[in-house]
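Here's the structure we're looking at; comments come further down.
Readers should treat all values here as calculations from the given coordinates under stated rules, not as data from a laboratory. Keep in mind it's a predicted model, so treat the numbers as computed, not measured.
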Amino acid sequence: MTKRRALTRSNLVTVGVALAAAGMLNAQVGRRQTVLDVNLATEKELLAVPHLTPAVVKELVARRPFLTMTDLNAVLGRSLGRPQLAEVYGRVFLALNLNTASEEEILMIPGVGKRMLHEFLEYRPYKALAQFRREIGKYVDDKELARLEQYVFVPINLNTASDADILSIPGVGQRLLHEFKEYRPYKAIEQFRREIGKYVDKNEVARLERYVTLN
């Protein structure tokens, strides 16, 4: 009897670990490894990026949050050429919505050319980041897939997203996780803006809104 109870307990632990891992796999924002989020990086981190001078970094921080890569590229493109931009975007970027990013924005991802652009677009609409991993994983190895994942996200559904999905949004911790869930069900995105706006300023609401949907 004791042996059976111990075995059952062990099995429960194994199942719990598996479920936790599955939650992480379902998270809708790509796991960051080496690429900084331009909206959250510190000045010190930005100054360590090649070609970002103190003046450029000061402007980036003043203009945050950036809501599109087009906006970020417009600022950096005034002083940097294409090869320099590619180096910068290898270190700092604004994650792209896989379902709405323009072709121009997708091509800003270092190493993505016309062929990979076609593959990114072919599988729209993406329902989950796991779909991106599965489909793009047909063309690149695991290391390259992990690198590309840092540049993309699939918006989470405010009413059905798991804790892991919500916590994958850059800058969201346990406090905001609670607030995101507190106001379910959301009837309109304006409700999200109003309720989350009680806890963060309007710029942060705009930054967070990039990652959510009611569709």
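Would you please give the residues with an amide H less than 5 Å from that of I156, counting only those at least 5 places away or on a separate chain, with H modeled from the backbone geometry?
Those lying under 5 Å, H to H, from I156 are V212, T213.
Once you've got the Cα coordinates, tell me which of K127/K198; K114/K138; K114/K143; K127/K181; K143/K181; K44/K198 are over 23 Å apart.
Table pairs above 23 Å Cα-Cα are K127/K198; K143/K181; K44/K198.
Need one word for the range 156-213: rounded, prolate or oblate. Basis is the Cα gyration tensor (sqrt eigenvalues a ≥ b ≥ c); a/c below 1.5 gives rounded, then a/b vs b/c decides.
Note, shape of the range 156-213 comes out rounded.
Cα convex hull of the chain: how many Å³ per residue?
Taking the convex hull of the Cα positions in the chain, it is 160 Å³ per residue.
Across 10 Å bins from the origin, how do the percents of Cα pairs in the range 36-153 run, short distances first?
13, 46, 30, 11, 0
Dividing the convex hull volume of the alpha carbon atoms of the range 111-215 by its residue count, what do you get in Å³ per residue?
Spelled out: Cα convex hull of the range 111-215, divided by residues, is 115 Å³.
Select from A27, A41, A128 the residue whose mean-square fluctuation is largest in a Gaussian network model of the chain (Cα-Cα springs shorter than 10 Å).
Residue with maximal mean-square fluctuation among A27, A41, A128: A41.
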